[in-house]
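Presented below is the structure to which this report refers.
Readers should treat all values here as calculations from the given coordinates under stated rules, not as data from a laboratory. Computed from a predicted model, the values in this text were never measured in an experiment. Here the Cβ positions follow ideal geometry from the backbone for every residue, glycine too, while neighbour counts run over all protein chains shown.
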Ligand code: SF4
């Protein structure tokens, strides 16, 4: 397709991308099982370098064993590491989770806080994790989750030229309306798993095709 030249054309293209994403993935939401903001925070920390499927296999037993942040705060990282071994990087994740639990219990009355600034004081919670928890658990659009799928697809769709996740998020929040920040991430993550995969994207099946001028497109559909 021709690249939009004017601000109005760029805005129209973004609107069309959002409309088509909504048609393709109307029910997109977070795939990590959870029953509370705290459980989502733990699941998100566990999901680093691990599939959501594997995390979802581990968390039901984990939350049965440690039902509250106070229970996690009382355990040693060494013991917790054994419980989460199958998610990989278990020593670091255990330290983060126990540190997060101690912060949540010690400074926030046992409740995961509701602001980005407070979230960023929690061990193991950088902007991505904070955006996941604030957006999905509380419905607070504090920013846009930038994971590996959002990173790759934002570049393919020419929504950013940055490679640093914080700078990508900064570009995205300028062009995506705030009421779409939460769902946009979920939809792009699903798109990254279903069609716009890292190697050999399935462009022939992609409804964004006519709006996409990625260099590595595998099919051009006008
Ligand atoms: S056309 Fe291909 S590269 Fe572009 S968004 Fe769709 S799957 Fe991804």
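Details
- Here the Debye sum runs over all C-alpha atoms of the chain as equal scatterers in vacuum, and log10 of I(q)/I(0) at q = 0.14, 0.15, 0.16, 0.19 Å⁻¹ comes out as -0.86, -0.96, -1.05, -1.34.
- Taking Cα atoms only, the orientation of helix 37-46 departs from the longest principal axis of the chain by about 80 degrees.
- Relative to the dominant Cα principal axis of the chain, helix 7-24 is inclined by about 60°.
- Rg/Rg_ref, segment 136-222, where Rg_ref = 2.2 N^0.38 Å and atoms are Cα: 1.08
- Counted over all Cα-Cα pairs of segment 45-166, pairs farther apart than 21 Å make up 44 percent.
- Counting every other Cβ atom within 10 Å of each residue's Cβ, 50, 206 order from fewest to most as 50, 206.
- Here the residues 188, 221, 176, ranked from fewest to most Cβ neighbours within 10 Å of their Cβ, fall in the order 221, 176, 188.
- Rounded Å value of the spacing that divides the Cα centres of segment 1-20 and segment 158-214: 14
- Nearest 10 degrees, 0 to 90: helix 52-65 Cα axis against the chain principal axis: 20
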